[in-house]
Amino acid sequence: MVKIERLTDNIHLGEAPHWDAESESLFYVDILGMTIYKYTPATKKCTKASVGVNLVSFIIPIEGEKNQFVVSLGREIVRIFWNSETEDVKVVEKLAEVEDSPEFADNRFNDGKCDPSGRLWAGTLNTKAEKPLVYPPKGTLYSLDAERNVKNHVSSLRISNGMAFNPKLKAMYFIDSAKGTVDHYNFDMAAGTISNPRPIFTLSNHGIKGIPDGMTIDIDGNLWVAIFNGGKIIRIDPRRPETLLDAIEMPVRQVTSLAFGGAYLDELYVTTGAYKIDDQDLPPPDNGALYKITGLGTRGLPAAKFRLVNM
C-alpha cells in the first residue's frame, strides 16, 4: 500500500534531491531561499546552510572527497566544502561559468544530475518570465566532465529540467518543461554526447494538467516524473511511447522533483514548492515540504556522484 509522509516544514522552492548512500541522507536545495539542505532519516534531522546571494539549483557530492559538493550558483558551477552540520559553506573553486554576456544576464542554472560515469549535466533557463511559467528560449543544456571541460548539447530551451539515464539502452531522458513532454535522446556515455531527440510522453495526450519537472528512473527502467502545478507524480514506460503506468496524487500542487533513497532504495523522496504564481498563496506546512513515499513495489538506482580530477 502506498503511503505518503511529510518529513519537514516548508521552504520556498525545494529541488534536486540526491540520495547519498555513504551518509544515508538526502541532499537537496531551496532555489529561491538560496539554501542547501541535508535530511537524515535515521535521526529525522534536517540541517541547512545559506550559499549567499546566488540562486542554487542542485547539490551533488564529489566522489572520494569528504564534505565536498558540486553546486550551481547562478550561471556558475562551483566546488564547495560543507560538513553538513553547521551553516559554514566555503567555495573551494569555480569549476565553470557559462553565458557570460549581457544577453544572458538573467539566466541561471536549473536542474543538474550526474550520469553513471560521474559526468555532470545541467541546463540553464532565463528568469525573465513573459508570463507565469513562460520563459524565453534562452536556455542551454551543458555537461561538465572530470577535467572541467564544458560542452553545450541542446540550445533554445525554456525550462531545462529533469534528467535520467539508462546506459543499457544507451538512452538519456530529458525534460524541457515548457514543451510538456518527456524526451528520449540516444546517449553515448563514453563520448559524453546525445543525439536524435524524440518525445516519448506528452502530458496533454493524457489530460494531465501542469508541467513535467524533475525525474528519476527505477530498476525496471520506468521513469517517475514530478508534475509541477499538477499535484501528482506519474510513472511511465519510456520503451513504449505514450504509456502511462500509474499516477500518485500528492497533497500539494507544486511537485518539483524526486529521488529514490533509503537502505534499499525503495523509498521515494519528493521535493515540493510554495512558489507564488498568479498571486495565489500556497500555505504551510504542506506546500514546500519534503515528502517520503513508500510501498511502491520497486527500487531506484544508486545516484552517481560527480567525478573530478584534482589539479
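Structure values in brief
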quantity	calculated
Residues within region 245-260 that are free of Cβ contacts under 8 Å to residues at least 60 places away in the same chain, in contact with a strand residue (DSSP E or B) (Cβ under 7 Å, 6 or more places away or on another chain) and either under 21 Å from ARG299 (Cβ atoms) or not in a strand (DSSP E or B) (or both), tallied	5
Within region 19-29, considering residues that are hydroxyl-bearing (Ser, Thr, Tyr) and in a strand (DSSP E or B), the one farthest from LEU290 (Cα to Cα)	SER25
Of all residues making up region 261-288, the number that are in a loop (DSSP other than H, G, I, E, B) and either buried (at least 22 other Cβ atoms within 10 Å of the Cβ) or of a type outside the set (A, V, I, L, M) (or both)	15
Residues satisfying the stated conditions in region 164-176, i.e. in a strand (DSSP E or B) and more than 17 Å from the chain's Cα centre (by Cα)	ALA171
Cβ pairs under 6 Å, 6+ apart, first in region 201-216 and of a type in the set (Phe, Trp, Tyr), second buried (at least 20 other Cβ atoms within 10 Å of the Cβ)	PHE201/VAL182; PHE201/ILE236
From the options LEU32, LEU26, LEU55, residue that is within 18 Å of the chain's Cα centre (by Cα) and surrounded by 23 or more Cβ atoms within 10 Å (Cβ to Cβ)	LEU26
Residue within region 78-100 that is touching a strand residue (DSSP E or B) at 6+ places or on another chain (Cβ under 7 Å), more than 24 Å from SER50 (Cα to Cα) and hydrophobic (A, V, I, L, M, F, W, C) present	no
Region 217-244, residues that are in contact (Cβ under 8 Å) with a residue 60 or more places away in the chain, assigned to a loop (DSSP other than H, G, I, E, B) and closer than 20 Å to ASN161 by Cα	ASN222, ASN229, PRO238
Of the criteria (1) surrounded by fewer than 22 Cβ atoms within 10 Å (Cβ to Cβ); (2) among the hydrophobic types (A, V, I, L, M, F, W, C); (3) farther than 21 Å from THR294 by Cβ, which one ALA16 fails	(1)
Hits in region 136-163 (condition: buried (at least 22 other Cβ atoms within 10 Å of the Cβ) and in a loop (DSSP other than H, G, I, E, B))	ILE159
Region 197-211, subset over 20 Å from GLY112 (Cβ atoms) and touching a His at 6+ places or on another chain (Cβ under 8 Å), residue surrounded by the fewest Cβ atoms within 10 Å (Cβ to Cβ)	ARG198
Evaluation of ALA129 against (1) of a type in the set (A, V, I, L, M, F, W, C); (2) under 15 Å from LEU55 (Cβ atoms); (3) assigned to a strand (DSSP E or B); (4) free of Cβ contacts under 8 Å to residues at least 60 places away in the same chain (one fails), failing number	(3)
Neighbours by Cβ (under 7 Å, 6+ apart or cross-chain): first from region 149-166, more than 22 Å from ALA303 (Cα to Cα); second of a type in the set (Ser, Thr, Tyr) and part of a loop (DSSP other than H, G, I, E, B)	ARG158/TYR135; ILE159/TYR135
Residues satisfying the stated conditions in region 268-287, i.e. modelled with pLDDT of 85 or more and either of a type in the set (A, V, I, L, M, F, W, C) or closer than 16 Å to LYS38 by Cα (or both)	LEU268, TYR269, VAL270, THR271, THR272, ALA274, LEU282
Complete set of residues in region 164-184 that are of a type outside the set (D, E, K, R) and surrounded by fewer than 19 Cβ atoms within 10 Å (Cβ to Cβ)	ASN166, PRO167, LEU169, GLY180
Verdict on THR272 being more than 25 Å from PRO167 (Cβ to Cβ) and either charged (D, E, K, R) or within 17 Å of the chain's Cα centre (by Cα) (or both)	yes
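The values are calculated or read from the model by the stated rules, or taken from the named source; none is laboratory data. Bear in mind the structure is a predicted one, so any value in this text is a computation, not a measurement. All Cβ positions, glycine included, derive from the backbone under ideal geometry; neighbour counts span all protein chains shown.
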